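The values are calculated or read from the model by the stated rules, or taken from the named source; none is laboratory data. No experiment lies behind these values; they were computed from the predicted model shown. Glycine gets a Cβ as well: all are built from the backbone with ideal geometry, and neighbour counts include every protein chain shown. For accessibility, only protein heavy atoms count, side chains too; no ligands or nucleic acids. Shrake-Rupley method; radii C 1.70, N 1.55, O 1.52, S 1.80 Å.
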Amino acid sequence: MVRQRQTSLTRDGSIEPMVEVRNLEKWFGEKRILKDVSFDVYPGEILGLVGKSGCGKSTILKILCGLLQADSGSVSMHSEEVGLVFQGSALLNSYTVKQNLAIALRRRKLNKKDEERIIYEKLELVGLRGLEDSYPTQLSGGQQKRTSFARAIVNDPKIIFYDEPTTGLDPVISTVIEDYMNDLEGRLNAASIVVTHQLSTWTRTADRIILLHDGEIKWEGDPEGAMISENPYIKQFAYAKREGPLLDSAV
Amino acid sequence: MTTSARSRNNILRPFDVMFEQFGKCCQLIGQCLILLCRTIGYILRGDIDKTETWRQCYRIGVQSWFVVAITALFTGFAMSLQISRELVMFGADTAIGGVVSLALVREIGPITAGIMVAGRVGSSVAAELTTMMITEQIDALKVMRVDPVQFLVVPRFVAAMLMMPALSVYAMALGLIAGIIIAYTAANVPVATFLDSVKQTILDRDFGTHFLKAWLNAIIIIIVSCAIGLRTRGGAEDVGIATTRTIVWAMTLLFIFNYLVTAVTYAPR
Ligand SMILES: Nc1ncnc2c1ncn2[C@@H]1O[C@H](COP(=O)(O)OP(=O)(O)OP(=O)(O)O)[C@@H](O)[C@H]1O
Ligand SMILES: [Mg+2]
C-alpha cells in the first residue's frame, strides 16, 4: 500500500530540512491552541499532520504561511516558493478558474502563451479542462477543491501545504490528487505537509505522520506504524474508535 | 459575559464606552492613513492593473449614474424653487441662474455625487472585501505573494479618482437642468437669461474647488471602505456591520472635508 521511494535516505541528517518548526505556541484569546510543537519536513517528504477536528492543524499551516503570527517559537522555510491548498478552497469569486490560476502566476510576468500553456497543463491534470471560463460559484465543491489544488501547484512550489486536499472528492479523483502529490514530491523534491482525516490519503501519500492533540505532538511514526502502534492516541485515531484519550478533553 | 449583562454594565459606565469608541476611531483613522500611503506608493511606482481599473470604472459608473441622477435632479428642483421664491420677492429674477449654479458647482454637485457613491460603491466595496476576508480569499492572495493593496485597493482607488469628477460634473449638470426648468416654470425666467447669469457668476476657481472636492470624496470613500473591509475578520454578520460602518464613516468624513475645502477656498477675507 505504501510506495517505495528513495527519499527515505533523506533523514540521515546529512540533508537540510526544508521546513523547521520549533516550539510553536499559539493563543486565541484565552485558549491556548498550540503549546509546544516542533517538527521538521525534509525535501522529498510528505508529512501527514493528523488530529481531531479543532486541534489546530489549519492554524499550524497558516502560521507556516505567514498568515498568522505565533505567540512564541520559530519557523524557518528554505524556499520562497510556497503553495497552500486551503481547507475551504478560497478561490477568488469574481474571477474565472483560468484567471484564478493566472493571478498565482502574475509575479513571474510570463508571456501570454507560456501562461496559457501552464494553466491548461495544470487544469488538464485535475480534470478541469473545459471549465476554465467558469466562475467558482458555478462549480461543485469538488471542482472548487481541484481548482484550488491546481492554483497551489501552478508555480511548481518547493514547499506545499495541503489542508484536506481530498475531503469531499470522489475516490477516483482523490486517487488522482494523491498520485499527483506523490509525483510532485518526487519530481520537484518538494517538502509537503498534508492535513487530512482521510485514511486513504494519509496511507497513500504520507511518509511520516505526526498526531497533534492538546497543542502537542503525541505520536510520530510512519503510516504502517500507525496501524500497529500501541500508543493510545494514534490507535484511537487510526481505528476511529470512540473510546480513548482523544475525546476525554473534548471542549 | 452575556450581551445584556454587558449593556447593563455599559450603561453604568458611559465614559468607558465613549473612551473605547474614541480609541477605535483613532485606530481606524490610523489604518486609513497607512492604507492611503501604501496605495499612493503603488500608484507613484506605476504599479496599476489597467484591465482591473477599467472594470472598476465601469462598476463605479454603472452602479452610480442612476441614483446620482435622481438625487441631483430633486436636490436641484428643491433648491431652485427656494432660491427662485426669495429672489423673485426682491425682483432679482435674473440672478436665479447665478445663485443656483454657484450652489451646484461649489457644494451640491460634489456632495450629492459623493453621498450616492458612498452609499452604492463604498458599501459594496466594503461588503466585497469583507467577504473576501472571511472566506480566506485575501489570505490566498497573500500566499500567492500578491499584495491585496496593490491587487484590490489600487484599481478601485484609481477608478474612483477617474469617475468621481465625472459623476460630480454630471450631478451638477442635472442640477442645473432642474434649475432651468424651475426658473422657467415657476419664475418665468427664459433659458437664455438663466444661462447668461450662470456665465457671469461662475469662475474658473469654482471648477477647481469642484474637482478638488470630487477627488477628496473619491479618496475618502475608497480608503474608508477598503480599510474597513480589509481589517474585518469573523463571520457573515460582520459583512453587514462593515457595510454600515463604511457608510457612516464615509459620509461623516465627506461632510467634514467638503466643509474644510469650502472654508479654505471661500472664507471671507
Ligand atoms: N481566528 C480565530 N479566533 C479564535 N479562535 C480560533 C481562530 N481560528 C481558529 N480558532 C480556534 O482554534 C482551534 C484550532 O482551529 P483550526 O482551524 O486550526 O483547527 P483544525 O485542526 O484545522 O480543525 P479541522 O480539522 O476541523 O479543520 C479551534 O478550536 C478554533 O476554534
Ligand atoms: Mg482545519
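Details
- Residue within the range A:98-109 that is away from ligand 2 (no atom under 16 Å from the Cβ), more than 27 Å from A:Gly142 (Cα to Cα), in a loop (DSSP other than H, G, I, E, B) and free of Cβ contacts under 8 Å to residues at least 60 places away in the same chain present: yes
- The set of residues in the range A:74-97 that are over 18 Å from A:Phe161 (Cα atoms) and open to solvent by less than 50 Å² (accessible area, probe 1.4 Å) comprises A:Leu92, A:Ser94, A:Tyr95, A:Thr96, A:Val97.
- Only one of the listed residues (B:Val100, B:Val67, B:Val62) is among the aliphatic types (A, V, I, L, M) and under 30 Å from B:Ala192 (Cβ atoms). That residue is B:Val100.
- Residues in the range A:51-64 that are more than 6 Å from ligand 1 (Cβ to nearest atom) and surrounded by fewer than 20 Cβ atoms within 10 Å (Cβ to Cβ): A:Lys52 alone.
- Whenever a residue of the range B:129-140 is within 9 Å of another protein chain (Cβ to nearest Cβ), its partners that are open to solvent by 40 Å² or more (accessible area, probe 1.4 Å) and hydroxyl-bearing (Ser, Thr, Tyr), lying with C-beta atoms within less than 8 angstrom and at least six residues away or across chains, give the pairs B:Gln137/B:Thr131.
- B:Leu44 meets each of the listed conditions (1) open to solvent by 40 Å² or more (accessible area, probe 1.4 Å); (2) in contact (Cβ under 8 Å) with a residue 60 or more places away in the chain apart from (2).
- The residues on offer are A:Arg151, A:Arg117, and the sole one that is open to solvent by less than 80 Å² (accessible area, probe 1.4 Å), part of a helix (DSSP H, G or I) and not hydroxyl-bearing (Ser, Thr, Tyr) is A:Arg151.
- Considering the range A:165-174, and only residues there that are within 16 Å of ligand 2 (Cβ to nearest atom) and open to solvent by less than 10 Å² (accessible area, probe 1.4 Å), the residue that is farthest from the other protein chains (Cβ to nearest Cβ) turns out to be A:Thr166.
- Residues that are more than 10 Å from ligand 1 (Cβ to nearest atom) and either free of Cβ contacts under 8 Å to residues at least 24 places away in the same chain or over 15 Å from the mean Cα position of the chain (by Cα) (or both), drawn from the range A:65-76: A:Gly66, A:Leu67, A:Gln69, A:Ala70, A:Asp71, A:Ser72, A:Gly73, A:Ser74, A:Val75, A:Ser76
- Which listed residue, of A:Gly244, A:Gly225, is small (Gly, Ala, Ser), under 20 Å from A:Gly56 (Cβ atoms) and without any contact (Cβ under 8 Å) to a residue 60 or more places away in the chain: A:Gly244
Here is a yes/no grid of residues against (1) within 16 Å of B:Leu87 (Cβ to Cβ); (2) surrounded by 23 or more Cβ atoms within 10 Å (Cβ to Cβ); (3) without any contact (Cβ under 8 Å) to a residue 60 or more places away in the chain:
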{"position": "B:Tyr184", "(1), (2), (3)": "yes, no, yes"}
{"position": "B:Pro190", "(1), (2), (3)": "yes, no, yes"}
{"position": "B:Gly208", "(1), (2), (3)": "no, no, yes"}
{"position": "B:Leu212", "(1), (2), (3)": "no, no, yes"}
{"position": "B:Asn217", "(1), (2), (3)": "no, yes, no"}
{"position": "B:Leu230", "(1), (2), (3)": "no, no, no"}
{"position": "B:Ala242", "(1), (2), (3)": "no, yes, no"}
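- The residues of the range A:175-205 that are away from ligand 2 (no atom under 16 Å from the Cβ), farther than 21 Å from A:Asp40 by Cβ and touching a helix residue (DSSP H, G or I) at 6+ places or on another chain (Cβ under 9 Å), listed by number, are A:Thr175, A:Val176, A:Ile177, A:Glu178, A:Asp179, A:Tyr180, A:Leu199, A:Ser200, A:Thr203, A:Arg204.
- Residue that is of a type in the set (Val, Ile, Thr), open to solvent by less than 50 Å² (accessible area, probe 1.4 Å) and more than 17 Å from the chain's Cα centre (by Cα), where the choices are A:Ile177, A:Ile234: A:Ile234
- Filter result for A:Ser53 (within 16 Å of ligand 2 (Cβ to nearest atom), small (Gly, Ala, Ser), under 16 Å from A:Val194 (Cα atoms) and within 14 Å of chain B (Cβ to nearest Cβ)): no
- Residue count, the range A:13-43 (criterion: farther than 14 Å from A:Val194 by Cβ and more than 15 Å from ligand 1 (Cβ to nearest atom)): 14
- Residue among A:Gly88, A:Gly48, A:Gly73 that is within 16 Å of ligand 2 (Cβ to nearest atom), assigned to a strand (DSSP E or B) and not assigned by TED's automatic domain parsing to the domain that holds A:Gly141: A:Gly48
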